[in-house]
Amino acid sequence: MYNTMDMQLIKFQSHGDERGSLVAIEHGKEIPFDVKRIYYLYDTKTDVARGFHAHKKLKQILIAVNGSCTIILDDGKERKSVKLTNPDEGLFIDSFVWREMHDFSEDCTLLVLANSHYDEADYIRSYDKFLEMAKS
Ligand code: T46
């Protein structure tokens with residue numbers, strides 16, 4: 001059976017030379033969905049956590065393009081923690097996974113690629129409701 005907590009970290013090819021590094025993400029190649037929305041979190045606070053919700057349908061890739069942060073993933077059965085520190089790796093988060101973002105470094109910029117437009121109705125913001133829905 002497909003496990004939503006599988007296949008989490010995607011390694012992107014980094015093209016580096018004496019000038020620095022470059023990562024390219026192309027439609028239909030590195031990402032397991034069509035990207036419909038891009039957003040980024042910046043100016044985050046080291047002692048302020050974010051997220052605390054799941055999505056009914058949305059799939060996303062999170063990339064710490066600068067700095068680092070820790071992502072907690074929870075599918076209602078299992079809880080995992082992943083520290084994002086490399087701009088050449090992306091964390092895939094499937095639908096129906098509770099996520100929390102903690103321990104942002106002062107310089108963190110978290111880039112997110114999403115497979116659909118913003119829709120508040122897609123959010124499950126109550127953990128109890130999430131657990132209830134995850135059971136069924
Ligand atoms: C997620 C994590 C990783 C918009 O207007 N459009 C958007 O596309 C997004 C993502 C947010 N917003 C508004 C809604 C709120 O008024 O921006 C405000 C902050 O959003 P939120 O409190 O949901 O931010 P986070 O950091 O808790 O969660 C975000 C995403 O919302 C969420 O989908 O998975 O980043």
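Give the residue, chosen from Lys77, Lys59, Lys45, Lys83, that is among the basic types (Lys, Arg) and either within 11 Å of the ligand (Cβ to nearest atom) or touching a Phe, Trp or Tyr at 6+ places or on another chain (Cβ under 6 Å) (or both).
From the options Lys77, Lys59, Lys45, Lys83, the qualifying one is Lys59.
If you check Leu84 against the conditions, is it on the phi < 0 side of the Ramachandran plot, touching a Cys at 6+ places or on another chain (Cβ under 7 Å) and touching a residue at least 40 places away in the same chain (Cβ under 8 Å)?
Spelling it out, it is not the case that Leu84 is on the phi < 0 side of the Ramachandran plot, touching a Cys at 6+ places or on another chain (Cβ under 7 Å) and touching a residue at least 40 places away in the same chain (Cβ under 8 Å).
Just checking, which of Ala54, Ala49 is closer than 26 Å to Lys129 by Cα and surrounded by 17 or more Cβ atoms within 10 Å (Cβ to Cβ)?
Details: Ala49 fails: surrounded by 17 or more Cβ atoms within 10 Å (Cβ to Cβ).
After applying the criteria, what remains is Ala54.
Given the condition over 30 Å from Gly16 (Cβ atoms) and aromatic (Phe, Trp, Tyr), answer yes or no: does some residue in the stretch 90-107 qualify?
Yes - at least one qualifying residue is present in the stretch 90-107.
Select from the stretch 27-43 the residues that are without any contact (Cβ under 8 Å) to a residue 24 or more places away in the chain and either farther than 21 Å from Leu84 by Cα or under 15 Å from the mean Cα position of the chain (by Cα) (or both) and list them in ascending order.
His27, Gly28, Lys29
Kindly indicate the residue of the stretch 122-132 that is more than 10 Å from the ligand (Cβ to nearest atom) and in contact (Cβ under 8 Å) with a residue 40 or more places away in the chain and also farthest from His53 (Cα to Cα) among those meeting that condition.
Step one: filter the stretch 122-132 for residues more than 10 Å from the ligand (Cβ to nearest atom), giving 124, 126-132.
After this cut, where a residue has to be in contact (Cβ under 8 Å) with a residue 40 or more places away in the chain as well, the list is 124, 127, 130-131.
Working: Ile124: 5, Tyr127: 7, Phe130: 8, Leu131: 11 Å.
Selected residue: Leu131.
Write out, first by first residue and then by second, each pair whose Cβ atoms fall under 8 Å of each other, whose residues are 6+ apart or on separate chains, and whose first residue, in the stretch 95-118, is closer than 15 Å to Ala54 by Cβ while the second is hydroxyl-bearing (Ser, Thr, Tyr) and more than 10 Å from the ligand (Cβ to nearest atom).
Every condition considered, the pairs that remain are Ser95/Thr4; Phe96/Thr4; Val97/Thr4; Trp98/Tyr127; Met101/Thr70.
If you check Glu106 against the conditions, is it under 12 Å from the mean Cα position of the chain (by Cα), of a type in the set (Asp, Glu) and more than 12 Å from the ligand (Cβ to nearest atom)?
Working: under 12 Å from the mean Cα position of the chain (by Cα): no; of a type in the set (Asp, Glu): yes; more than 12 Å from the ligand (Cβ to nearest atom): yes.
Answer is no for this residue.
Every read-out reported here was derived from the displayed coordinates using simple, explicitly stated rules and does not represent laboratory data. Predicted model only: the values in this text are computed from it and were never measured. Methodologically, a virtual Cβ is constructed for each residue, glycine included, from the backbone with ideal geometry; neighbour enumeration extends over all protein chains shown.
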